[in-house]
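Notes for the one structure printed next.
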Amino acid sequence: MTGIRQRRQLLREARHLAPGASEEAEHGRRVFAEGRGPVLTDLDGNQYLDLASGTLTQSLGHGHPEVVAALTAQAHRLWNVHDSATPDRADLLELLARLLPDHLDTYAFFSTGAEVVEAALRVVQATAEPGRNRIGALRHGFHGKTMGARMLVHWDIGHQSFSGNSVLGYAPYCYRCPLELQYPACDVRCASLVRRHIAAKPNVSALVFEPVLGAAGVIVPPPGYWERIGEACRDGGVLLVADEVLTGGGRTGTFLAAERFGLEPDLVTLAKGTANGFPFAVLAGRAGLLRRPEAAPPGAYASTFASNPLGIAAARATLEVIERDRLIDRVRVLGDLMETRLTALHRRFDVLGQVRGLGLLWGLEFVTDPASRTPAPDIARAVYTKALDLGLRVALGGHILRLAPPFTIDEALLDEGLTLLADAVERVVTP
Ligand SMILES: Cc1ncc(COP(=O)(O)O)c(C=O)c1O
């Protein structure tokens, strides 16, 4: 329950705050005052285990001391000199070169996910061969709310689709297969269609995709999907632009989710976990693309907050900890634990249509019953608010709950969180 001090604060806000908050804020109605590691504290002193890591951002947990120290030191030194070099930037560039696949050796810095997706689209458009004026994307993909990103977005939050000049291909959403087929008998027909409609089309310049579709509910492609599409795009001269705003930085058990599927993207976008929740984004790409004069005229990668020294300090500290403490190995270990616990949860409750994930990124799809598979946003919302009341925070979107714990959480606490989640589902389905 939301305590009295929080309720008072929310009433004050409501007088002036524009509506349109996320479902989480709208239904959670909490005023969070502090975050330490995996734990949040609200204004009334209640504590929550945060298995949503902020907004799937704080891979090292809230207020990680090394990131706080780097930001504090930078805040005392220097805030903004446009995109001029600062002492940390060369270190961050070299760190990225170590963490990313060798062919992604050139980088530009931005502040948000949508902004870096826009930057990737500008590179695609500037370098496309004449006649390649369309861009491919996937149904159920999410790439942000700016106009260019929305051109690619089928799964659109609160807005009409704005598909413009994009071509949408089938996502590997086996639980709700649009072709009404079953894997593996389907022979991954969705991938064959993406190949035909996007990869083999001479008027398509790039396929922009999430290797694992995050916002739509952690849709993990079956074996064969990316292999076929990746190869066909390469053969057809269609650039691969992996939007790893959510999955990048180790969340799925490799630094890029693309690596798990053997994909070699030409461009990659990173944001959420890159600076542990501080606004910061990276466009990574092949030198041959990002250094092309058409893509990089003066000012092409600059903007007011791009390459901001505070973001660079936070990203450098975050990625150094991930590298030094071999946290991506931890993601895989903790991911196995999550898989075991969530598979058991799935078996226990009929309202859980499917549980899917990879590493420390999981989606729970709620349905009214297993036979009809009718999406059940009311149940998801009830579980979300019940979990908060029990001291657990997860991420809510429609009929999906997502879990993205910090890489630094220990097994016992993660296990406790999953027990609280089971408890919340139990209380919702047993009146
Ligand atoms: C894959 C992906 N791309 C882009 C975005 C947009 O990022 P931002 O909200 O920082 O603009 C998101 C946000 O959730 C995302 O998940």
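The values are calculated or read from the model by the stated rules, or taken from the named source; none is laboratory data. The shown structure was predicted, so the numbers you read here are calculated from the model rather than taken from an experiment. So basically every Cβ, Gly included, is an ideal-geometry build from the backbone, and we count neighbours across all protein chains shown. Only protein heavy atoms, including side chains, enter the accessible area calculation; ligands, DNA and RNA are left aside. Shrake-Rupley method; radii C 1.70, N 1.55, O 1.52, S 1.80 Å.
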Once phi for every residue in segment 225-233 is put through the Karplus expression 6.51 cos²θ - 1.76 cosθ + 1.60 (θ = phi - 60°), the whole-Hz ³J(HN,Hα) values, with Gly and Pro written as x, are 5, 5, 4, 5, 5, x, 5, 5, 4
Quick tally, 1.4 Å probe accessible area for ARG189, ARG356, ARG286, sorted with the most first, runs ARG189, ARG286, ARG356
Translational D (Stokes-Einstein, µm²/s) of the chain at 4 °C and 1.567 mPa s when Rh comes from the Kirkwood sum over C-alpha pairs? 58 µm²/s
Ignoring any ligand, DNA or RNA, what whole percent of the accessible area of the chain comes from carbon and sulfur when the probe is 1.4 angstrom? 53 percent
Those lysines that a straight Cα-Cα span of less than 25 Å connects to LYS272, excepting residues fewer than 8 apart in one chain: LYS145
Cut-off 10 angstrom, C-alpha nodes, Gaussian network model of the chain. Which of TRP226, TRP79, TRP362 fluctuates the most? TRP79
Would you tally the net charge around VAL321, using a Cβ to Cβ cut-off of less than 15 Å, leaving VAL321 out, and scoring K and R as +1, D and E as -1? -1
As an exercise, identify the trypsin sites (Lys or Arg not before Pro) in segment 372-431 lying in DSSP coil whose Cβ has no more than 14 other Cβ atoms within 10 Å. ARG373
Most mobile of GLY136, GLY224, GLY299 in a GNM of the chain (Cα contacts under 10 Å): GLY299
Would you list ASP410, ASP350 from the most to the least accessible area, probe 1.4 Å? ASP350, ASP410
Whole-Hz couplings from phi, Karplus 6.51/-1.76/1.60, listed for segment 22-37; x for Gly and Pro: 5, 4, 4, 5, 4, 8, x, 6, 10, 10, 7, 10, 7, x, 9, x
Search the structure for amide H atoms under 5 Å from the amide H of LEU43, placed 1.01 Å from N in the peptide plane, and list their residues when 5 or more places away or on another chain. VAL31, ALA33
Using the Kirkwood radius over Cα pairs of segment 308-426, the Stokes-Einstein translational diffusion coefficient at 37 °C and 0.692 mPa s, in µm²/s and rounded to a whole number, is 214 µm²/s
